[in-house]
Every structure is written in structure tokens, then in C-alpha cells.
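Here's the structure we're looking at; comments come further down.
The values are calculated or read from the model by the stated rules, or taken from the named source; none is laboratory data. A quick note: this is a predicted structure, and the numbers were derived from the prediction, not measured. Using ideal geometry, Cβ is built from the backbone for each residue, glycine included, and neighbour counts are taken over all protein chains shown. Just so you know, the surface numbers come from the protein's heavy atoms only, side chains and all, with ligands and any DNA or RNA stripped out. Shrake-Rupley method; radii C 1.70, N 1.55, O 1.52, S 1.80 Å.
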Amino acid sequence: MGFGTDAVHAGQEPEPQTGSVTIPVFQTSTYQQAGIGDHTGYEYARTQNPTREALERNVAVLEGAKYGLAYGSGMATISTLAQTLKAGDHVICTNNVYGGTFRLFDKVYKNLGLTFDYVDTTEVDNIKAAWTDQTRLVFVETPTNPMLGITDLAAVSKIVHELGAKVVVDNTFMSPYLQRPLEFGADAVLHSTTKYLNGHSDMVGGILVTSDEALHEQMRFLQNAAGAVPGPWDCWLALRGIKTLHLRMQCHESNTRALATMMQDHEAVQKMYYPGLPSHPGHELAKRQQKGFGAIISFDVGSLDAAQRVVQTVKLFTLAESLGGVESLISHPAVMTHASVPKKDRDAMGISEGLVRVSVGVEDVEDLAADLKAALDRALN
Ligand SMILES: Cc1ncc(COP(=O)(O)O)c(C=O)c1O
């Protein structure tokens, strides 16, 4: 089936009792049993929920995976993944990951005995250099947030498998419409469903999909045992959002290309990070690995003062954390999403005080371009 057909239908049969075309929100905590030990397969809603299962089946199909498991947030997903490891295990992680991922690893799982190295995974040799006998997991985010570095998923998967560990990819920035990491050999893919999959900025959730049965069974055990499950209503909202994922991504994409063209010639923009530009170091790789360049642009206007003027002038771009919704958002990574990353590390990665990130929505592109141009003009004086 084509992507759009799967987005609308995969994992969701009409409900048998009434024929309801959309999967109902099974808003229950428990299920009636006919006798002791005689149940329908549904016992308790932390363990099983039909609305959640529909979402899990749907995203698994979209990513080309056998199995999916949903969690209460993107962070709950990553946290559950970390719980598959044990004290002494070593993780190699993309250095420019989402700040919350770094915080979770550095402030929580490090205390519980996992060890971490953060390397620039856009250079595959950095992974080899950080390798130890205890390395069990390589956690890759590509493109990265907010610098949009591109990691070669096929090359990383090959090396990591030769060395004997697993590769898990945070595919939140791309969505399965633009990138399917399992096709390049990754062992599992995860998403903050809060972002493009839901696409309407009205829920928080996460999901991990894989065809690795052992990893799936561990993640399933932990979904129930540690209990970081999403509510059925949020799963339903994610499922509804996914039905238009392909349409939204096409619009996000083309809007972003147009804005990038306008911005690259603007005097206020001192540096621009967008994989769609031929000058971007990951441009050729992105063309091979992705079906498009995504809808995030980061750009440096030189100072906190200029960044303040940009975010205060825009009217259509809402100043807010997050990304991937139909509405355009603007944020200041150093203060907002990446404050937990030490300043020296932020500086080394280019997350300067003048850096601004936009998540381009699906509004009319002429309106977005006019709004952003006015804000960039304002950054100059
Ligand atoms: C790339 C990436 N991964 C994970 C997360 C965390 O997801 P959530 O906010 O749903 O916990 C985010 C949130 O911004 C993100 O941008």
C-alpha cells in the first residue's frame, strides 16, 4: 500500500459492534471477566488498550516495523528504552540530541549506573573511537535538534552491528513520511508523537517501533511493569493526526523550502542551518536518506538582542517550545529547549545566543514569508 493509504487505514478496522469507522476511545481502566481467568484478552488498561494498540499497529506499518509500543511522552519512550539496559552498560549518543534526552541520560540514568558518551555521529569514526566493551546502544537523532546535523544511518548501523550493539533512531524531526530508519538497518525507531505524527499540538505522547522481537518483548514488559503508558484519548488524537500526515508533510516541506530561499539572502541571517541548502554539510546525505528536508530551520542573527527582536516582531510564528504542529512556532534553543546543556557544550555545537529555530507550519507561505521577513528586517535595527 502507499503511504497515504496506510496512514489512513493501517491498524484500524471499523469497530465490529457498531461499524464505527473510527476506532473508539476505549476510556476504561479495566475490563469485565466472564469468570476467574476467563477474559477477552483485555484485563487492565495499563496492560492492554484497543485504542493504544491501533496507534501502535499504525505507526509500526508506517515505519516498516513489525511491532509498535506507545508511551506517555517521547521522554517516557526514551526512558523505557534506557530501562532495557543495566548498570555498567555504555551508550553512545548523538552529541546534539534534544536537550531533554541529554537531561534524562545525564541527570537520571547516569546516577543509576549507565555510562554515556556524546559524540558527533555525523562522523561515523567518532562512534568507533568512543566504543567500549560495555557499549550496548547507539542512540542517534537525525536531523539533530536544533543544528540539523545529518547522520548516515546505513553507515552507522553497519559499524554498530559489526561491533555488536543496537542502533535506535529518534525520527521525530522527519516522521516516517520523510525518513524510515529501519530501511537503513536501524534496530528501532522512536518518536515524540507530540510532534508531526499528531501534528496539531494537542497531546503529548511517544512510540517505539521495531522488528527486533527481543527488544519489543523487553519494551512491552516495561510498558506494563514501569507503566509509562499514554491515555486512550491521546492515542486517538495521535491516530487522527496521522491520517493527514502525508498531506501535512508535503505542505510543511514546500513552505520551508520557500522560506529558506527568502532567508538565505537576508542580511540579518549570519548563519543558516537547513539541510535543503546545497551548502549544508549533510545536504547530499539528506537527499539520499530522506524524502525531503523537513520543516525546521535554525538561523543565527548574531546576538541575543537581535534574536529578541525577531521573536518579538513575528506575529504568525508563536514563541513556544515544540515543533511539528500545523501552526508555525519560533523558539530560542539556548534559553528554551537546551538550557540544560552546559554552555561550553552549547557553544561548541553552535547553539549561540543569536540562534533562533522555526518550525514551519502549514499556513499560506506568502503570509509566513512576509511575517518572517519583517522580523528579520527588525533584527537589523
Ligand atoms: C527530537 C525530540 N525527541 C524527543 C522529544 C521529547 O518528546 P516529548 O516532549 O513528547 O516527551 C522531543 C521534544 O521536543 C524532541 O524534539
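Please go through segment 205-229 and give me each residue that is within 11 Å of the ligand (Cβ to nearest atom) and more than 23 Å from His246 (Cβ to Cβ), ordered by number.
Filtering segment 205-229 for residues within 11 Å of the ligand (Cβ to nearest atom) gives 205-207, 228.
Within segment 205-229, Ala228 is the sole residue that qualifies.
Here is a check on your reading of the model: is Asp120 more than 16 Å from the ligand (Cβ to nearest atom) and within 29 Å of Ser331 (Cβ to Cβ)? So Asp120 fits the description; yes.
Is one or more of the residues making up segment 260-268 closer than 13 Å to Leu372 by Cα, in contact with a Gly (Cβ under 7 Å, 6 or more places away or on another chain) and modelled with pLDDT of 95 or more? Yes, the conditions are met somewhere in segment 260-268. The single condition among (1) in a strand (DSSP E or B); (2) of a type in the set (Val, Ile, Thr); (3) within 16 Å of the ligand (Cβ to nearest atom) that Ile92 does not meet is (3). Could you tell me which of the residues Tyr98, Tyr71, Tyr31 is away from the ligand (no atom under 15 Å from the Cβ) and in the same structural domain as Val119 (by TED's automatic domain parsing)? Among Tyr98, Tyr71, Tyr31, only Tyr31 is away from the ligand (no atom under 15 Å from the Cβ) and in the same structural domain as Val119 (by TED's automatic domain parsing).
Step by step: first the residues of segment 360-374, then only those that are part of a helix (DSSP H, G or I) and open to solvent by 10 Å² or more (accessible area, probe 1.4 Å), then the one that is farthest from His252 (Cα to Cα). Which residue is that? Show your work before the answer.
Quick first cut of segment 360-374, residues part of a helix (DSSP H, G or I) only: 365-374.
From what is left, the residues that are open to solvent by 10 Å² or more (accessible area, probe 1.4 Å) are 365-367, 369-371, 373-374.
On the way: Val365: 10, Glu366: 13, Asp367: 14, Ala369: 13, Ala370: 17, Asp371: 16, Lys373: 18, Ala374: 21 Å.
It comes out as Ala374.
Flag set for Val140, criterion: hydrophobic (A, V, I, L, M, F, W, C), free of Cβ contacts under 8 Å to residues at least 60 places away in the same chain and within 14 Å of the ligand (Cβ to nearest atom). Here Thr256 fulfils each of the conditions (1) surrounded by fewer than 23 Cβ atoms within 10 Å (Cβ to Cβ); (2) closer than 23 Å to Val97 by Cα; (3) assigned by TED's automatic domain parsing to the domain that holds Asp371 apart from (1). Residues of segment 65-106 that are open to solvent by 50 Å² or more (accessible area, probe 1.4 Å), in contact (Cβ under 8 Å) with a residue 60 or more places away in the chain and out of contact with any strand residue (DSSP E or B) (no Cβ under 8 Å at 6 or more places or on another chain): Gln83, Arg103. Going through (1) modelled with pLDDT of 95 or more; (2) surrounded by fewer than 17 Cβ atoms within 10 Å (Cβ to Cβ) one by one, Glu15 falls short only on (1). Here Lys195, Lys166, Lys158 are screened, and the one residue that is within 16 Å of the ligand (Cβ to nearest atom) and open to solvent by 20 Å² or more (accessible area, probe 1.4 Å) is Lys195.
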